[in-house]
Structure formats: C-alpha cells, structure tokens
Amino acid sequence: MIRVAVNGYGTIGKRVADAVAAQPDMAVVGVAKTRPNYEARCAVDRGYPLYAAVPERADAFAEEGIDLAGPVEDLVAEADVIVDATPGGVGETNLPLYADHGVPALLQGGESADAVDASFNARGNFDEAVGADAVRVVSCNSTGLARLLGPLDEAYGIEKARVTLIRRGGDPSQHGRGPINDIVPNPMALPSHHGPDVQTIFPDLAIDTLALKVPVTLMHVHSVNATLESEPSAEEVRDRLAEENRLFFVEGGYGIEGTGALKEFALDAGRPRGDLWENGLWAESIGVNGRDFYCFQAIHQESDVVPENVDAIRAVLGAADAAESMATTDAALGIGEL
Ligand code: NAD
C-alpha cells in the first residue's frame, strides 16, 4: 500500500484524503491541520490520524478536546508521498521539510510552476512527473482545459484556442469573499494566468484566456473557441470527446441548464459533497463552424483536481502508467458512471 499524508486539510485536502482512502493501492497515514475547526473534527471522525501543522498551536486542539497524533514532521516521516494542499504560496515553503525526509511532494495550483520539477495533468503529461521530487497539480481551470484541449489537439490539431472563463467568486465556505453583487473582469488585461498555466502542460499550445469573476460559489464556466487545423463535423468531435472518461456530457434531455442544476444532479447522484470530478460539458453546446470549435463546460472548482492528485501520487512513485492509474482512480471513485 502507498502511504499518503495530506498536509493542509481544507477544501482540496479533505477531498483528496477521501479519494486516496477509496483507492485499492493507497492508505491515508494522516492529515495535518493548523486549526481545530469543524474539518479537524470530521477528520478524526473519519479515522484519519490528525497531526499539528504548526506545533505551537497544538494546545488549541487540546482545548477543543481533539487528540493529536503528533507534529507534522512525524507525519512526513511516516509517508511515502505528501499531498500538500495548504493555501496558495504556503506549499512551496514546506518543500524543504519534505526534501529533508526524502519524501516526494505534490503541490497544488496556487503554487508557482518554478517551485517544482513538473506541473501535472494525468491525461496531458503523466510521464513528466515520474520519479519527480516535487510536482504541482495545475489549478481547477487549467485541469479542465487540459482535459478538453488535449484530445482536441491530438485528434484535429489546434491552431489557436481562445477561452473566456466565468469564474466563481469564492468557494461555499469562503464567506470572506462576499457578499458581492458584481461582474468583474479579472484580470482586466490579457492574458489571465490560465493560458500560461495550461502551457505548463502543453508548451506548444497557442491559447489566449480572459477571465471574469461572478458572485456564485457553485462552479466555473468556460466559453471555449478553438480554431482547429482540420475541419471535422460537430458529430465527429462529439464522438471523439465522448471517449474521454473525465468529460461528463450534460445531455439536453437532462434539463440541466446551468451550474445550479448540475450541482444538484451531482448531489442527487450520490456524489460525496455533491462533487463533480469530471468536466461538465454541455453536449448541445458543441459546435463546429468551418475550422472553429465551440463549447461551454462547467468546472467544479472544489473537486476536479482530486482524481489528478491521486494519479500524481502513482506518477511520482512510478507505481503505474497513465492509463492504468487513471483507470484505477476512475473505477475507485465511480468516474464515468454518472
Ligand atoms: P483552503 O483554505 O480551503 O484549505 C487550506 C487548508 O490548509 C486550511 O485547512 C488551512 O487551515 C490549512 N493551512 C493553512 N496554513 C497551513 C500550513 N502552514 N500548514 C498546513 N496547513 C495549513 O484552501 P484550498 O481551496 O483547499 O486550496 C489549497 C490549494 O489548492 C491552493 O494552492 C489552491 O490554489 C489550490 N486549489 C484550490 C481550488 C479551489 O477552488 N478551492 C481548486 C484547485 C486548486
């Protein structure tokens, strides 16, 4: 069994821990938190040994009646691999701790690409992470774009991709980001960071991205245009994309006309926390006009990077190849079964 530690047990970390626990070849050796909040309580209830991310704050856990297994250094020493899901910018500062213990680490999209050996998307560049000491699983938006643009580029060639990202204002628990009532070009000037981030996976892809923030917490939506190098029919493209397990086709007949209904569907389907690990690609929106491909896709910011983290664990340890790892991850989580 691969022994996995999760440092930073928030929105991403808690989801990765549960996905790891569901894998046939992995076990969670523990999770580390800074504060004894509701997530700490739930971690203990789930049976994850809980470690103090900041040892000086250990007393605060005792005051809340939460038992700790030790300081984060002890957790790192127990692990074959660390998933660092601390807030953006913190993960990089933890790299020396992981290096001291000789344990490979996965960072998240909020960290700089320069801090790691490779940025990662399972479908896009699995092999670049094999044997790496530090890997960054790219952000939720970059993950969603890589899953869509990778297969399109392989099948038809992409001359140029242009994407407008309508970004959620914050996650449901981030009350500090609201209440708001606005539509904010963010950043105002081209490019948003997403295009360059996708190029950490596909360096030769020509892509421009624009982004706006809107006052919702549910999901992001991408409005995608890609000029292809050939001229397939819309039906051909639909059939090709339908082969991708991590693209969920939202069919017209479902009556899912927005991200609210999509999130409700994920809840009704029994997904933990209402998570949609796949891209939600509206089938009716797939169109081709000459060489121009168009579509709308929804990205559940809290969860689409979760299967990618699981695959990155196998990649850094050389425990499976891309196809094997993605198949194992998807089967364990039920991806492709919606
Ligand atoms: P979060 O704030 O929900 O969770 C971070 C957790 O780390 C919190 O529990 C916090 O208390 C804890 N923490 C803070 N400082 C710490 C430290 N020094 N050591 C250990 N733990 C510490 O953040 P998140 O949304 O889960 O984001 C984590 C990373 O994932 C970031 O790089 C972010 O950019 C990336 N990411 C976030 C999203 C998203 O939409 N939430 C999507 C994809 C990627």
TODO: Answer yes or no as to whether residue 86 is open to solvent by 30 Å² or more (accessible area, probe 1.4 Å) and either in contact (Cβ under 8 Å) with a residue 60 or more places away in the chain or hydroxyl-bearing (Ser, Thr, Tyr) (or both).
DONE: no
Open item on the list: Taking the conditions exactly as written (more than 20 Å from residue 139 (Cβ to Cβ), out of contact with any Cys (no Cβ under 6 Å at 6 or more places or on another chain) and more than 13 Å from the ligand (Cβ to nearest atom)), does residue 55 satisfy them or not?
Closed with: no
Task: Flag for residue 102 being touching a strand residue (DSSP E or B) at 6+ places or on another chain (Cβ under 7 Å) and more than 25 Å from residue 277 (Cα to Cα) - done: no
Open item on the list: Among the numbered criteria (1) surrounded by fewer than 16 Cβ atoms within 10 Å (Cβ to Cβ); (2) assigned to a strand (DSSP E or B); (3) among the β-branched types (Val, Ile, Thr), which one does residue 180 miss?
Closed with: (2)
Task: Selection from the stretch 97-112 of residues that are more than 12 Å from the ligand (Cβ to nearest atom) and either more than 20 Å from residue 13 (Cα to Cα) or open to solvent by 10 Å² or more (accessible area, probe 1.4 Å) (or both) - done: 99, 100, 101, 102, 103, 104
Open item on the list: For residue 18, only one of the following conditions fails: (1) charged (D, E, K, R); (2) open to solvent by 20 Å² or more (accessible area, probe 1.4 Å); (3) closer than 20 Å to residue 131 by Cα. What is its number?
Closed with: (3)
- [ ] Considering each residue of the stretch 16-41, count those that are more than 10 Å from the ligand (Cβ to nearest atom) and charged (D, E, K, R), and give that number.
- [x] 3
Open item on the list: If a residue counts only when it is under 22 Å from residue 150 (Cα atoms) and open to solvent by 10 Å² or more (accessible area, probe 1.4 Å), which helices (runs of 4 or more DSSP H) contained entirely in the stretch 252-338 have at least 2 such residues?
Closed with: 322-333
- [ ] Being more than 15 Å from the ligand (Cβ to nearest atom) and not aliphatic (A, V, I, L, M) is the filter; apply it to the stretch 113-124 and report the residue that is least open to solvent (accessible area, probe 1.4 Å).
- [x] 124
- [ ] Out of 212, 218, report the one residue that is under 17 Å from the mean Cα position of the chain (by Cα) and over 20 Å from residue 150 (Cβ atoms).
- [x] 218
Open item on the list: Of the conditions (1) assigned to a helix (DSSP H, G or I); (2) of a type outside the set (Gly, Ala, Ser); (3) crowded, with 22+ Cβ neighbours inside 10 Å, residue 127 satisfies every one except a single condition; which number is it?
Closed with: (3)
Open item on the list: So, restricting to helices (runs of 4 or more DSSP H) that lie completely within the stretch 1-69, which ones have at least 2 residues that are of a type in the set (Gly, Ala, Ser) and over 20 Å from the mean Cα position of the chain (by Cα)?
Closed with: 38-45, 58-63
- [ ] Find the residue count for the stretch 307-334, including only residues that are in contact with a strand residue (DSSP E or B) (Cβ under 9 Å, 6 or more places away or on another chain) and within 16 Å of the ligand (Cβ to nearest atom).
- [x] 6
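The values are calculated or read from the model by the stated rules, or taken from the named source; none is laboratory data. Note that the coordinates shown come from a computational prediction; the quantities given were computed from them, not determined experimentally. Please note: Cβ atoms are built from the backbone with ideal geometry, for glycine as well, and neighbour counts cover all protein chains shown. Surface areas here come from the heavy atoms of the whole protein model, side chains and all, with no ligands, DNA or RNA. Shrake-Rupley method; radii C 1.70, N 1.55, O 1.52, S 1.80 Å.
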